[in-house]
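*Asks:* Please read through the structure below; I'll follow up with questions.
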Amino acid sequence: MPKVKVDGVEIEVPAGATVLQAAELAGKEIPRFCYHERLSIAGNCRMCLVEVKPGPPKPQASCALPAADGQEIRTDSEMVKKAREGVMEFLLINHPLDCPICDQGGECDLQDQSVAYGRGGSRYHENKRAVTEKYMGPLIKTQMTRCIHCTRCVRFSEEIAGVDEIGALYRGESMQITTYLEHAAKHEMSANVIDLCPVGALTSRPYAFEARPWELKKTLGIDVSDATGSNIRIDARGREVLRVLPRNNDDVNEEWLSDKARFQVDGLVKRRLDKPYLRRDGKLAPASWNEAFAAVATLNPGASIAAVAGDMVDCETMFAAKALVGTLGSTLLEGRQTGMDYDTSSLAGVNFNTTFAGIETADVILIVGSNVRWEAPVVNVRLRKAVKRGAKVFLVGPEWETTFGGEFLSEDLSVLGSLPQQVTEAFGAAKRPAMIVGGAALGRGGLEAALSLAGQFNLVRNLEDGSAWNGFNVLHMAASRMGGLMLGYAQKGGIADIAAAKPKVLLSLGADEVDYTRFADSMIVYIGHHGDKGAHAADVILPASAYTEKAGTYVNTEGRVQFSDKAVFAPGDAREDWTILRALADAFGVSVGFDSFDQLRAAMVAQVPALGVEGLADYGTALPSGGLSASGAIAYPIKDFYMTNPIARASATMQRCSAELLHGEEFAEAAE
């Protein structure tokens with residue numbers, strides 16, 4: 001490991017580190033605009049200049065200079081100070097004086113660094129250059145006159161998202177960053193360039209002119225738009241969530257976030273259920289809480305009660321419902337709304353066992369029945385990394401536009417019984433083989449056939465370095481799925497078993513994808529937050545809280561337990577889900593054993609200890625043997641990426657994305 005001196009202090013740095021990384025290890029802050037830890041090195045903003053000896057007697061760009069043994073690095077010399085002031089002066093030559101009206105104000109790298117490293121005044125008196133407005137779609141607001149050509153957005157699109165939609169035109173002072181033929185950026189990770197932009201050139205269109213960062217209350221949360229459990233920060237003012245940003249977590253989402261997770265939040269204030277409703281004479285009419293509880297209690301269901309969990313509910317809600325249903329003598333619990341009935345006796349057999357970080361190291365990957373770009377955009381980024389490292393990818397299912405290449409084998413599950421020779425040879429030679437089974441393949445024997453292949457290809461093994469490897473993965477799409485399975489929300493025959501039992505009362509915990517015509521003889525009690533499909537079918541509506549309005553525990557598709565905090569209060573008469581279920585217990589005249597959220601969480605952890613520890617739950621490594629042959633054409637369950645849950649369906653931003661980006665509708669811009 002090379003030894004270098006940074007401002008007179010000798011430190012040891014890893015081999016291959018740059019001078020910038022060496023200075024950071026020494027605790028020195030190096031200003032930068034183009035450099036980013038997760039992107040390739042561009043070296044074009046020149047803000048990170050330092051003085052290095054031995055070397056030429058001039059400042060050098062530290063981001064692109066390898067650290068070598070014996071180097072003396074100065075980050076605070078007079079030469080460095082003058083060089084940074086000069087670079088900053090050049091960057092500001094054409095930058096407009098937009099700070100008072102710029103959405104980046106208050107969290108702008110250019111503002112911060114011009115104060116810290118710039119001169120007190122400007123010596124340039126020529127006209128500033130202007131750049132024509134660009135259109136990047138309904139999510140990204142552009143003001144390219146502010147652009148300093150750091151090319152972060154270009155590198156993100158090419159290297160991380162794998163969609164070459166943003167690039168540079170012309171040269172020198174005429175250079176402009178734009179999308180291809182000025183069309184909208186259409187991929188599902190496009191808005192991450194907003195976070196990457198160090199100036200106000202790319203900002204959030206839905207959030208434009210809404211608030212300044214110091215006005216917002218920031219809360220740590222977990223995204224529920226898919227099953228990856230992306231770490232987010234919820235920014236709210238008053239009772240309204242104004243934006244959601246990604247939090248850095250290298251094990252889960254790194255620092256990226258899908259467009260849906262980021263922009264569906266405007267749906268949190270639309271189509272909300274804010275008071276109880278009762279169905280009278282075939283129509284839903286507003287009621288009081290007492291009337292609603294009395295209507296449910298008069299049915300006196302006894303053990304004839306069932307609970308169906310929706311895709312976005314937290315573990316505490318599911319446990320409270322389980323406690324209520326169990327106290328009444330019933331075990332009818334289900335979370336797989338659409339009718340799937342795969343075997344859940346071993347959670348290792350339905351878990352993403354390699355973990356998201358681990359899938360990057362796989363050398364052969366077979367994806368069965370999953371459009372990963374839509375079902376888990378953050379995992380798709382990991383697959384691109386694996387392919388860059390040399391992994392071969394084979395896919396079973398209808399063709400979709402992958403960002404990592406790969407070979408499509410067939411649209412039918414039957415191909416799992418007779419894989420082509422190149423696939424079996426690749427798995428035979430692989431050191432870290434992996435499979436990913438998506439929601440479209442879990443039925444019709446797909447999971448069992450995949451488990452057979454897992455045994456055949458020896459996906460569970462010990463590696464040469466002594467570590468364990470489990471290459472069998474199931475990619476779920478519902479944020480509540482793994483938590484629900486840990487809490488027993490799975491009948492042997494799926495939701496068909498619930499329907500066959502004909503319960504007098506069906507508790508619908510935000511379940512909007514269920515076919516409620518199968519429960520025509522049941523009283524449907526909908527405990528949810530949006531007037532979506534479940535509310536339309538309900539006999540009693542009890543308004544509950546969305547994911548930003550309650551604390552909760554979520555388990556992602558890799559079995560990672562994560563905690564989310566409450567950011568805002570629910571609107572109107574809506575209450576937190578567990579309090580509604582606790583009040584229902586009183587209405588039924590039974591005791592569920594908890595009176596506060598802390599007592600509820602303690603009872604849940606006592607029953608399922610893994611839910612009390614943040615991190616990966618231990619499901620063991622043993623996989624079921626599988627066996628059945630699979631057959632049937634695969635049909636991906638997600639038909640519209642932007643319309644997969646009630647919050648997104650209520651969001652005007654998501655509706656416009658669906659209409660414009662997927663269905664090609666044109667939107668005229670009003671003249672200003």
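The values are calculated or read from the model by the stated rules, or taken from the named source; none is laboratory data. Every value quoted in this text rests on a predicted model; they were computed, and no experiment measured them. Glycine gets a Cβ as well: all are built from the backbone with ideal geometry, and neighbour counts include every protein chain shown. Please note that ligands, DNA and RNA were not included when accessible areas were found on the heavy atoms of the full protein model with its side chains. Shrake-Rupley method; radii C 1.70, N 1.55, O 1.52, S 1.80 Å.
*Asks:* Need one number: % antiparallel among DSSP beta bridges in region 488-582, to the nearest 5.
*Replies:* About 35 percent, rounded to the nearest 5.
*Asks:* So how exposed is residue 404, as accessible area in Å² (1.4 Å probe, rounded to 10)?
*Replies:* 20 Å²
*Asks:* For the pair residue 421 and residue 215, what calculated FRET efficiency results from E = 1/(1 + (r/R0)^6), where r is the Cβ-Cβ distance and R0 = 51 Å, to the nearest 0.05? All intermediate terms of the calculation are to be shown ahead of the outcome.
*Replies:* Numbers: r = 62 Å, r/R0 = 1.22.
Efficiency computed from Cβ-Cβ geometry: 0.25.
*Asks:* Here's another thing I want to ask about it. For the Cα atoms of the chain, what angle does the longest principal axis make with the long axis of helix 377-388, in degrees from 0 to 90, nearest 10?
*Replies:* 50 degrees
*Asks:* Please compute the modelled spin-label separation between residue 58 and residue 82, points set 7 Å along Cα→Cβ, answer in nm with one decimal.
*Replies:* Label at residue 82, label at residue 58, 1.4 nm between them.
*Asks:* Working with all protein chains in place, sort 7, 112 by solvent-accessible area computed with a 1.4 Å probe, largest first.
*Replies:* 112, 7
*Asks:* Can you give me the long-range amide H partners of residue 222? Hydrogens built in the peptide plane at 1.01 Å from N, cutoff under 5 Å, separation of 5 or more residues or another chain.
*Replies:* 232, 565
*Asks:* Next question. Would you kindly calculate the translational diffusion coefficient of the chain, applying Stokes-Einstein with the Kirkwood radius from alpha carbon pairs, for 20 °C and a viscosity of 1.002 mPa s, and quote it in µm² s⁻¹ without decimals?
*Replies:* Using the Kirkwood radius from Cα pairs, D works out to 79 µm²/s.
*Asks:* Continuing with this model, one more query. Report the local net charge at residue 339: Lys and Arg +1, Asp and Glu -1, summed over other residues whose C-beta lies under 10 Å from its C-beta.
*Replies:* Numbers: positive: 336, 518; negative: 334, 341, 513, 515.
Once positives and negatives cancel, what remains is -2.
*Asks:* HN-Hα J couplings of region 256-273 from phi, Karplus 6.51/-1.76/1.60, θ = phi - 60°, integer Hz, Gly and Pro as x?
*Replies:* 9, 8, 6, 4, 5, 4, 7, 10, 6, 5, 5, x, 5, 10, 9, 6, 7, 8
*Asks:* Could you point to the residue in 637, 605, 651 farthest towards the positive end of region 536-672's charge dipole, with +1 and -1 charges on the Cβ of Lys/Arg and Asp/Glu respectively?
*Replies:* Value computed over the given set: 605.
*Asks:* Right, next: What fraction of the DSSP beta bridges in region 387-489 is antiparallel, stated in percent and rounded to the nearest 5?
*Replies:* Within region 387-489, antiparallel bridges account for around 30 percent of the total.
*Asks:* Could I ask something else about it? Please work out the FRET efficiency for the pair residue 343 and residue 429, using the Cβ-Cβ distance as r and a Förster radius of 30 Å; give the result to the nearest 0.05.
*Replies:* E(calc), rounded to 0.05, equals 0.45.
*Asks:* Further question: To the nearest 10 square angstrom, how much accessible area does residue 448 have with a 1.4 angstrom probe?
*Replies:* The accessible area of residue 448 comes to roughly 40 Å².
*Asks:* Just for the chain, what percent of DSSP beta bridges are antiparallel, to the closest 5?
*Replies:* Roughly 60 percent of the DSSP beta bridges within the chain come out antiparallel.
*Asks:* Could you do me a favour and compute the accessible area per residue for region 574-647, 1.4 Å probe, result in Å²?
*Replies:* Per residue, region 574-647 has an accessible area of 48 Å².
*Asks:* Using a Förster distance of 60 Å, how high is the FRET efficiency between residue 458 and residue 97, based on the Cβ-Cβ distance and rounded to 0.05?
*Replies:* 0.40
*Asks:* Still on this model: Does anyone have the angle between helix 446-456 and the longest principal axis of the chain? Alpha-carbon axes, 0 to 90°, nearest 10?
*Replies:* 60 degrees
*Asks:* Around residue 48, what is the net charge, scoring Lys/Arg as +1 and Asp/Glu as -1 over all other residues with Cβ under 10 Å from its Cβ?
*Replies:* Values: positive: 32, 46, 84; negative: none.
Residues near residue 48 contribute +3 overall.
*Asks:* Whole-Hz Karplus ³J(HN,Hα) for region 278-283, in order, using 6.51 cos²θ - 1.76 cosθ + 1.60 and θ = phi - 60°, x for Gly and Pro?
*Replies:* 10, 7, 10, 6, x, 10
*Asks:* Which aspartates and glutamates, if any, have their Cα less than 17 Å from the Cα of residue 504, not counting same-chain residues under 8 positions apart?
*Replies:* 334, 515, 521, 539
*Asks:* Compute the long axis of helix 315-327 from its Cα atoms, compare it with the longest principal axis of the Cα atoms of the chain, and write down the angle in degrees, 0 to 90, nearest 10.
*Replies:* Once rounded, the angle reads 10 degrees.
*Asks:* Now a separate question. Enter the accessible area per residue of region 366-468 (Å², integer; probe 1.4 Å; all protein chains in place).
*Replies:* 38 Å²
*Asks:* Here's something else I'd like to know. How much net charge surrounds residue 645 when only other residues with a Cβ under 10 Å from its Cβ are counted (Lys, Arg +1; Asp, Glu -1)?
*Replies:* -3
*Asks:* So what is the accessible area of region 211-315 per residue, in Å², with the probe set to 1.4 Å? Could the numbers behind the result be given before it?
*Replies:* On the way: 4040 Å² over 105 residues.
Heavy-atom SASA per residue in region 211-315 reads 38 Å².
*Asks:* So if I take the centroid of the Cα atoms in region 195-229 and the same for region 394-458, what is the distance between those two points in Å?
*Replies:* For region 195-229 versus region 394-458, the Cα centre distance is 37 Å.
*Asks:* Now for a different question. Applying the Karplus parametrisation 6.51 cos²θ - 1.76 cosθ + 1.60 with θ = phi - 60° to the phi angles of region 515-527, what ³J(HN,Hα) value in whole Hz is obtained for each residue in order, glycine and proline being reported as x?
*Replies:* So the J values, rounded to whole Hz, are 7, 6, 5, 6, 10, 5, 8, 9, 7, 8, 9, 9, 10.
*Asks:* Report, by chain and number, residues whose modeled amide H sits under 5 Å from the one on residue 528, excluding near sequence neighbours (fewer than 5 apart, same chain).
*Replies:* 510, 542, 544
*Asks:* Which of the residue pairs 5/53; 283/550; 283/502; 141/385; 260/639; 283/533 have a Cα-Cα distance greater than 18 Å in the structure shown?
*Replies:* Pairs exceeding 18 Å: 283/550; 283/502; 141/385.
*Asks:* A follow-up question, please. May I ask you to give the percent of accessible area on the chain that is carbon plus sulfur, with a probe radius of 1.4 Å?
*Replies:* 50 percent
*Asks:* Please give the length that would be gained between residue 127 and residue 502 if that part of the chain were fully extended, namely 0.36 nm times their separation in residues minus their C-alpha to C-alpha distance (nm, one decimal).
*Replies:* Working: separation 375, 0.36 × 375 = 135.00 nm, distance 7.67 nm.
That works out to 127.3 nm of additional length.
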